[in-house]
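Peer 1: Dropping a structure here in structure tokens format, bear with me for questions.
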Amino acid sequence: DVSSPKHGKVDPDNRPHVGGNTWAGGTGGRDTAGLGGKGGPYRLDAGHRVYQISQAEKDAVPEEVKRAAREMGEKAFKQRLKEIQMSEYDASTYERFSGAVRRQVQSLRIILDNLQ
């Protein structure tokens, strides 16, 4: 069961963590920032293979936990914008332009990686 969203502990060795509710950047778990899980406040990719839980499990998260996770994610987003000295308007403008060329940038990254 989910209880309350949190960032989670940071593994200094960056080992992959699957399931549970302890580690930030894990996959398929609950309550912590990561990928493929449920009830976490925001997505956090630590570079490991993603294990995805079912949509039914995600849909079963209580509304108060979803609300708390959204609020925590929004707070973290605003803090990050403040750290990089970017306004919400700047972020939305950046996302609009970035989204328009995202596929082309990804293709170019693949080509450059192959050339290296």
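Peer 1: Among the numbered criteria (1) of a type in the set (D, E); (2) under 16 Å from the mean Cα position of the chain (by Cα); (3) under 28 Å from R15 (Cβ atoms), which single criterion is violated by E74?
Peer 2: (3)
Peer 1: From the list V65, V101, V105, which residue is outside any loop (DSSP other than H, G, I, E, B) and surrounded by 17 or more Cβ atoms within 10 Å (Cβ to Cβ)? Write out each step before concluding.
Peer 2: On the way: V101 fails: surrounded by 17 or more Cβ atoms within 10 Å (Cβ to Cβ); V105 fails: surrounded by 17 or more Cβ atoms within 10 Å (Cβ to Cβ).
Among V65, V101, V105, only V65 is outside any loop (DSSP other than H, G, I, E, B) and surrounded by 17 or more Cβ atoms within 10 Å (Cβ to Cβ).
Peer 1: Just to verify a result, which residue in segment 46-61, among those that are out of contact with any strand residue (DSSP E or B) (no Cβ under 7 Å at 6 or more places or on another chain), assigned to a loop (DSSP other than H, G, I, E, B) and open to solvent by less than 80 Å² (accessible area, probe 1.4 Å), is nearest to V10 (Cα to Cα)?
Peer 2: Residue satisfying both the conditions and the ranking: A46.
Peer 1: A further question on this structure: Among the residues of segment 1-19, what is the count of those that are surrounded by fewer than 19 Cβ atoms within 10 Å (Cβ to Cβ) and either of a type in the set (A, V, I, L, M, F, W, C) or without any contact (Cβ under 8 Å) to a residue 12 or more places away in the chain (or both)? Explain how you work it out, then say what you get.
Peer 2: From segment 1-19, those surrounded by fewer than 19 Cβ atoms within 10 Å (Cβ to Cβ) are 1, 3-4, 6-7, 9-16, 18-19; that's our starting set.
If we keep only those that are either of a type in the set (A, V, I, L, M, F, W, C) or without any contact (Cβ under 8 Å) to a residue 12 or more places away in the chain (or both) too, we end up with 10, 12-13, 15, 18.
Qualifying residue count, segment 1-19: 5.
Peer 1: Search segment 20-39 for residues being open to solvent by 30 Å² or more (accessible area, probe 1.4 Å) and part of a loop (DSSP other than H, G, I, E, B), and hand back the single one that is modelled with the highest pLDDT. Give the derivation first.
Peer 2: The first filter runs over segment 20-39 and keeps only residues open to solvent by 30 Å² or more (accessible area, probe 1.4 Å), leaving 20-23, 30, 38.
Now narrow it down to the ones that are part of a loop (DSSP other than H, G, I, E, B): 20-22.
Numbers: G20: 89, N21: 90, T22: 93.
Taking the candidates together, the pick is T22.
The values are calculated or read from the model by the stated rules, or taken from the named source; none is laboratory data. A quick note: this is a predicted structure, and the numbers were derived from the prediction, not measured. Every residue, glycine as well, gets a Cβ built from its backbone with ideal geometry; the counts of neighbours run over all protein chains shown. Note: accessible area is taken over every heavy atom of the protein model, side chains too, but ligands, DNA and RNA are not part of it. Shrake-Rupley method; radii C 1.70, N 1.55, O 1.52, S 1.80 Å.
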